[in-house]
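Nothing in this text is a laboratory measurement; each read-out follows from the coordinates by a stated rule. Note that the coordinates shown come from a computational prediction; the quantities given were computed from them, not determined experimentally. For neighbour counting, all protein chains shown are included, and Cβ atoms are generated from backbone atoms with ideal geometry for every residue, glycine included.
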Amino acid sequence: MSSGILQPVQGFIEGERRSDPGTKNFACPKGFSALVKYFLAQAEPVETRYGARVINIKNEATNKLQVFTDSGHTDVFDTVILTMPVPQLFLIDGCIQDILESKPDLKKKLQAVTYSSRFCLGIYYPRGTHLNIPWTAKYIDGHPCIRYVCVDSCKRGADEDLVGPSLLVHTSVPYSIQHVEADKEAMKPILMEFLNDLLPNLPQPDFIKSHKWRYSQVSKTFEGSSGCISLLDEPPILIGGDAFTRSKFDGCIQSAETLVSFILKGNLLKATGS
Ligand SMILES: Cc1cc2nc3c(=O)[nH]c(=O)nc-3n(C[C@H](O)[C@H](O)[C@H](O)COP(=O)(O)OP(=O)(O)OC[C@H]3O[C@@H](n4cnc5c(N)ncnc54)[C@H](O)[C@@H]3O)c2cc1C
């Protein structure tokens, strides 16, 4: 928080269901990716490659792991940690699929992990626009399409003299499941129509961005895991992420801490020859 990466959510959230009365809401003013980049910066010196999709992992005879990306980049590692949504693990060629074939019980448990889906609109208004909305965010019960609307600029505490307001709209889980195969661009006018019915008199936006999460929050986590699992012991391939805890920030931290202690323990055992 002292670095400004996280800050308390500004304003009032309408219709929020709090399972834990002690829950506090925080926002990342520079976006969620700033949080990940912050932690990576703490771990420097590390060479970080963003926007690279891993397509193949080979287990080399030298006890190293060779990783290939879709941009043609190849690198060799002692340990690999994978934190993508579990169904996307099955898209990586090479030793991952061989390991899963050799461990049918593990494969079955991974296949049992399920996710909800979600469409989202980011709606950006010109600087100086007033939206006249009394809340920062609102959960909408019983709507046929929309579950959540947020004045994102307000949530992030953006300086209104510098940036115009922006709205964030999330679809409900049932609506998203029903339309999951739809193209995100095709959904844009449909979602805008639902929004304009819900909030009439919205001003004309400058720009609308549409997004689809095929794998949004985890609805069924990996059975019996407390943060990560080992796919291969030597060389280590570990799998972690919110599927192994829960789809909340604290779940991500728990998985990360479990992964770190797993690796440190492995290194200690190697160093002591145990
Ligand atoms: C709409 C929505 C709203 C949410 N709201 C909240 C909230 O209010 N509070 C909260 O605490 N949590 C919230 N969450 C949950 C939170 O975002 C997740 O729990 C968290 O992002 C999980 O982190 P992760 O690192 O496990 O996985 P992810 O954030 O899913 O990261 C996985 C990464 O792996 C990448 N990837 C996939 N395949 C490959 C590949 N082959 N090679 C390389 N990279 C790959 C993906 O691009 C992605 O960047 C929300 C999630 C969604 C979708």
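In the frame of its principal axes, the stretch 117-213 has Cα extents of 40, 25, 23 Å, reported largest first. Charge dipole of the stretch 117-213 (Cα centre as origin; +1 on each Lys and Arg Cβ, -1 on each Asp and Glu Cβ, all else neutral): 220 debye, rounded to the nearest 20. Of the trypsin sites (Lys or Arg not before Pro) found in the stretch 108-199, those in coil by DSSP whose Cβ has at most 14 other Cβ atoms within 10 Å are Arg127. The amide H of Tyr148, built 1.01 Å from its N in the peptide plane, has Ile140, His170 as neighbours under 5 Å, considering only residues 5 or more places off or on other chains. Sorted ascending by nearby beta carbons within 10 Å, beginning with the fewest, Ser255, Ser216 become Ser216, Ser255. For the stretch 140-154, backbone phi angles converted through the Karplus equation (6.51, -1.76, 1.60; θ = phi - 60°) give residue-by-residue couplings of 10, 8, x, 6, x, 9, 9, 9, 8, 10, 9, 7, 4, 4, 6 Hz, Gly and Pro being listed as x.
Placing +1 on each Lys and Arg Cβ and -1 on each Asp and Glu Cβ, with no other charges, gives the chain a dipole about its Cα centre of roughly 340 debye. Within the chain, which DSSP H helices have Cα atoms that stretch 30 Å or more along the helix axis and a mean Kyte-Doolittle hydropathy of at least -1.0? Span-like helices in the chain: 249-272. In the chain, Cα pairs under 8 Å separated by at least six residues give a relative contact order of 20 percent. Ordering of 194-201, 233-240 by packing is 233-240, 194-201, highest average first (other Cβ atoms within 10 Å, averaged per residue). Backbone phi angles across the stretch 217-228, fed through the Karplus curve with coefficients 6.51, -1.76 and 1.60 (θ = phi - 60°), yield HN-Hα couplings of 7, 6, 9, 9, 7, 5, 5, x, 9, 10, x, 7 Hz in residue order; Gly and Pro are listed as x.
The DSSP beta bridges internal to the stretch 44-157 are antiparallel in roughly 85% of cases.
The amide H of Val9, built 1.01 Å from its N in the peptide plane, has Asn25, Phe26, Ala27 as neighbours under 5 Å, considering only residues 5 or more places off or on other chains.
Treating each Cα of the chain as an identical point scatterer and summing with the Debye formula, the log10 of I(q)/I(0) at q = 0.10, 0.16 Å⁻¹ comes to -0.65, -1.38. Residues whose amide H falls under 5 Å from that of Leu82, counting only those 5 or more places apart or on a different chain, are Leu238, Ile239, Gly240, with hydrogens built in the peptide plane. Multiplying the residue separation of Val36 and Trp135 by 0.36 nm and removing their Cα-Cα distance gives an extension gain of 32.8 nm.
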